[in-house]
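The structure under discussion appears below in the form of structure tokens.
The values are calculated or read from the model by the stated rules, or taken from the named source; none is laboratory data. This one's a predicted model, so the numbers in the text were calculated from it and none came from an experiment. Here the Cβ is made from the backbone with ideal geometry for all residues, glycine too, and neighbour counts use every protein chain on show. Side chains are part of the model used for accessible areas, which takes the heavy atoms of the whole protein and leaves out ligands, DNA and RNA. Shrake-Rupley method; radii C 1.70, N 1.55, O 1.52, S 1.80 Å.
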Amino acid sequence: MEPLLKEKTILITGGTSQLGQAFVRKALCHGARVFFTYFRSGEIAQILGKSGARGYVLDLTSVPAMEAFAVSFQKEAEQLDVLIHNAAATADSLIEKMPEEDWDRVVGVNLKAPFYMTKRLLPLLFKKQPSKVFMLVSRAGLSGLYGAANYAASKGGLIAMTKSLAKELGRKKVLVNAINPGFMKAAMTAKLPENVLKKNIQDSPLKTFSDPEEVADFMVYLSSDLMRQVTGQVFHFESRPL
Ligand SMILES: NC(=O)c1ccc[n+]([C@@H]2O[C@H](COP(=O)([O-])OP(=O)(O)OC[C@H]3O[C@@H](n4cnc5c(N)ncnc54)[C@H](OP(=O)(O)O)[C@@H]3O)[C@@H](O)[C@H]2O)c1
């Protein structure tokens, strides 16, 4: 297969997530220079590092940590074609029981970090035309999610931010789009009760989970020069009706 990402520099947050790992491996195979961030999954980060990606440990709730990362990343990478905001936190509970810290952490990782990191890395994104920003979102951001108002609000905010930044940054040829990967078998969904998992599968016309490998292939396509003139969109990788 023709490599699709030759000479592309890509940064993905949460490279250690299920989807992140699949994307990092595929982007490397397609010839990209790949940088990723991670938080707790040091062992997975080491494995990704051995395959040729450069990992940075980074707490996306910490502005000083993001600031220090932005400074050293700009020096090391010198260019950036694609920035992917994939890292996400969850801390589910009903609003009566939700501690304020859980609200702040989830909204911090899922919404404030994409704002802060995009803003700080704009000088690199402006150097390449077109460059691309992707936000990993969720159907929860459109339809809400029982027991996860923090997560749903953060993803809904991210969709609105995607559309706003697409309008602001189009003049500089920065394309900003969102990807809803659908309901994947991953650490995030493994925490859900069995009946919720079953219901999601039952509601799916194909009676299946979304496959992170397939989503990562689509992300490779979107990151490549095959996609050049689409911005402000949400791509739904769903087999369930929205
Ligand atoms: N799974 C699904 O069904 C589903 C559905 C819709 C949308 N999505 C979205 O798709 C994306 C990928 O999902 P996934 O299931 O593959 O994710 P995941 O396995 O739950 O992984 C979460 C990632 O976020 C990182 N992270 C968490 N807290 C962090 C913090 N404070 N600072 C920095 N990094 C932090 C984790 O790093 P460490 O592991 O290194 O700690 C990990 O790489 C997410 O944006 C998610 O919201 C997922």
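Keeping all protein chains in place, calculate the accessible area per residue for the chain (probe 1.4 angstrom), answer in Å².
Numbers: 12070 Å² over 242 residues.
I get 50 Å² per residue for the chain.
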Helix-only [θ] at 222 nm, the chain, -39500 (n - 2.57) per DSSP H run of 4+, per residue, nearest 500, equals -14000 deg cm²/dmol
Could you order V63, V137 so the one with the most accessible surface comes first? Probe is 1.4 Å. V63, V137
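Under a Cβ-only charge scheme (Lys and Arg +1, Asp and Glu -1), can you give me the dipole magnitude of region 9-236 about the Cα centre, in debye to the nearest 20?
700
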May I ask you to order 87-95, 225-233, 126-134, 10-18 by the average number of other C-beta atoms within 10 Å around their residues, highest value first? 10-18, 126-134, 87-95, 225-233
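Under the 0.36 nm per residue contour assumption, what length would be gained going from the current alpha-carbon distance of A91 and K172 to full extension?
Length gained between A91 and K172: 25.5 nm.
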Cut-off under 16 Å on the C-alpha distance; same-chain residues fewer than 8 positions from K207 excluded. Which lysines are left, in chain and number order? K185, K198, K199
Under 5 Å from the placed amide H of Y56, counting only residues 5+ away or on other chains, we find F36, T37, Y38
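Starting from the Cα coordinates of region 121-182, work out the convex hull volume and express it per residue in Å³. If you can, show how the numbers build up before the last one.
Details: hull volume 4.6 nm³, N = 62.
In region 121-182, the Cα convex hull volume per residue is 74 Å³.
Mean shadow of the chain, computed from the convex hull of its alpha carbons, in nm²?
Working: hull surface 51.4 nm².
In nm², the orientation-averaged hull projection of the chain is 12.9.
Could you tell me what percent of the accessible area of region 17-95 is made up of carbon and sulfur, with a 1.4 Å probe and every protein chain present?
On the way: 1970 of 3650 Å².
The nonpolar share, carbon plus sulfur, comes to 54 percent.
Under a 1.4 angstrom probe, counting protein chains only, how are Y146, Y116 ranked by accessible area, largest first?
Y146, Y116
Can you tell me the relative contact order of the chain? Whole percent, Cα pairs under 8 Å, sequence separation 6 or more. Intermediate values should be presented prior to the final figure.
Numbers: 441 pairs, mean separation 48.3, N = 242.
Relative contact order comes out at 20 percent.
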Among L28, T16, P212 - extreme Cα towards positive end, dipole of region 9-236, charges at beta-carbon: L28
Could you tell me the distance between the Cα centroids of region 188-225 and region 78-129, to the nearest Å? 21
Any chance you could run the full-extension gain for L197 through K185? It's 0.36 nm times the residue separation minus the Cα-Cα distance, nm to one decimal. 3.4 nm
Report the net charge of residues surrounding T162, where surrounding means a beta-carbon distance below 12 angstrom and charges are Lys +1, Arg +1, Asp -1, Glu -1. +3
Tell me, what is a quarter of the convex hull surface for the C-alpha atoms of region 148-242, in nm² with one decimal? 7.0
The correct pair for region 4-124, radius of gyration to one decimal and Dmax as a whole number, both in Å and from Cα atoms, is 14.9, 50
